[in-house]
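The values are calculated or read from the model by the stated rules, or taken from the named source; none is laboratory data. Quick caveat: nothing in here was measured; it's all calculated off a predicted structure. Here the Cβ positions follow ideal geometry from the backbone for every residue, glycine too, while neighbour counts run over all protein chains shown. Calculation scope for accessible area: heavy atoms of the full protein, side chains included, ligands and nucleic acids excluded. Shrake-Rupley method; radii C 1.70, N 1.55, O 1.52, S 1.80 Å.
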Amino acid sequence: MTKRMNCIICVLLLLFAALPLFGGGKQEAGTGIVKLEFFQNKEEAVGTFDELIARFEAKYPNIDIEQNNVPEFETVIMTRMAKDDLPAIIAMGGTADWGELAKAGYLHDFSNDSCVDLVHKGYFAQLKKRTGLEGLYGIPYAVNANTVLYNKAKFRELGLSVPKTWDEFIAAAETAKAAGETPFYLTLKDAWTAMVSFNALAANLQGDDFIDKRRTGDTSFQDRYVEVAEKMLTILKYGHKDNFVVGYSDGNMAFANGESVMYIQGVWAIGSILRANPDIELGVFAMPVLNDPDKNRLVSGVDTLFAIAKNTEYTKEALLFINFLLEPENAQYYIDQERQFSAVKGVFQKDPVMEGIKVYFETGRVTGFPDHFYLPGMQVPNLVQEFLINGDVDAFLKIMDDEWDKVQQRQ
């Protein structure tokens, strides 16, 4: 981790310590109103959740939901776990960090709650695989996809068609660069954004047995990830001069304003982009990692799940809020605003923008996020960010193996 990143995290934690949070909830004296903290990790969804919270509070005026969204969400949530001060309600991805919260016994088990029946069972199977536990410690809500967003008007101007292979993908970037356009708008100030391309590459190149074999020591990042790392560096060649200076929000705005031809980002960014420029002709496709188009797979997973702190006194009220969000009208509103797919039964994504990736869901050419299965504590986004700065493939892959081994030995 860079000294600069360490400083940023220290500042964030100091700011966090000063926040007037109330963790598992509290009741306001003399009013009977229960205040619950809703801690969620998606900056772009703050407005959407504000609307849903307003709807909920209109129906349940005795419950006050306070939304909290901060930078470096994962760092803060793990710090709060260590302090036994988890928020009453948490919304986050089905990641290794969520798995650690579950395995450490900090989360409510939904197994006997009726809201389980509102969600497709297949997503619970994904989450159980993540934790290795029988209980249900999260309610899947929204399902995402790693994509390449592209400006259809610019594609027409450049005579480009949607690439189906890696060679076609890079050729399209080369054509855009030769025409004086920025092929990819990269936002590497925010380390996590590098994981969009990294996950797409790794999911299609590492081999489906990589995680199991890495756990047993029968393979390594140095064995399996050379092509992943090299292709990350290739993508970097087609960015802009400020790749490590601008962040996610900057990238959404820049792409919306036509400052690049493509934007390697998940479907979760589409809502923000269209709000910034409703007139943009936006399309999406799965990053073509391989040169055999029939073997390329879309990376998809549980983008947002809901969890409840086990130690809150207000589980009943928290469940009311989650059940409200799962109501078809509200679940539909969320995926319409955030341009995602729903884990809720009977709720479907109908946006024509998604035409380019629907076939992957229909044909089952979908795979999970590799980094969701890396050992927690490796800080992979920061390692990838540093690698892209220094460009040393061998050193990067050795560090990945070393960090995996260190974490595994502590378990």
Review point. Helix 73-82 versus the longest principal axis of the chain: what is the Cα-based angle in degrees, 0 to 90, to the nearest 10?
Key: 40
Check your understanding: Given the Cα-Cα distance of ILE399 and ASN311 and 0.36 nm per residue of separation, how much length would full extension add, in nm?
Key -> 27.9 nm
Point to revise | Of (1) 34, 25, 21; (2) 55, 25, 21; (3) 37, 25, 17, the label for semi-axes √(5λ) of the Cα gyration tensor in Å derived from the coordinates | key: (1)
Exercise for review: Using only the Cα atoms, work out Rg/Rh for region 268-320, with Rh taken as the Kirkwood radius, to two decimals.
Suggested key: 1.23
**Study point:** Cα-based helix-to-principal-axis angle, 380-390 vs the chain, degrees rounded to 10
**Key:** 30
Revision key, fill the gap. Filtering trypsin sites (Lys or Arg not before Pro) in region 69-176 by DSSP loop and by at most 14 other Cβ atoms within 10 Å leaves LYS83
Point to revise | Spin-label model distance (nm) - ALA104 vs ASP242, 7 Å beyond Cα toward Cβ | key: 3.7
Practice item. Would you mind getting me the FRET efficiency between ILE33 and GLU329? Use the beta-carbon distance for r and R0 = 30 Å, nearest 0.05. Key: 0.75
Practice item. Once you have a ≥ b ≥ c as the square roots of the Cα gyration tensor eigenvalues for region 119-171, tell me rounded if a/c is under 1.5, and otherwise prolate or oblate according to whether a/b is larger than b/c. Key: prolate
Review point. Hey, what angle do you get for helix 3-18 against the long axis of the chain, alpha-carbon based, 0 to 90 degrees rounded to 10?
Key: 20
**Study point:** Mean separation of Cα contacts under 8 Å, 6 or more apart, over the residue count of region 198-270: relative contact order %
**Key:** 24
**Study point:** Sulfur and carbon atoms: percent of accessible area, the chain [1.4 Å]
**Key:** 50
Study note, to complete from the structure: Any lysines whose Cα falls less than 17 Å from that of LYS241, other than same-chain ones fewer than 8 residues away, would be LYS177, LYS189
**Study point:** 21 Å Cα-Cα threshold exceeded, pairs from LYS231/LYS398; LYS152/LYS358; LYS152/LYS345; LYS103/LYS398
**Key:** LYS152/LYS345; LYS103/LYS398
**Study point:** Table column - 3J(HN,Hα) (Hz), region 30-36, Karplus curve with 6.51, -1.76, 1.60, x for Gly and Pro
**Key:** x, 10, x, 7, 8, 9, 10
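Let me have the relative contact order for the chain, percent, based on Cα pairs under 8 Å that are six or more residues apart. If you can, show how the numbers build up before the last one.
Numbers: 682 pairs, mean separation 100.1, N = 411.
Rounded, it is 24 percent for the chain.
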Point to revise | Per-pair calculated FRET efficiency, R0 = 30 Å: ASN390 and ASP84 via Cβ, rounded to 0.05 | key: 0.20
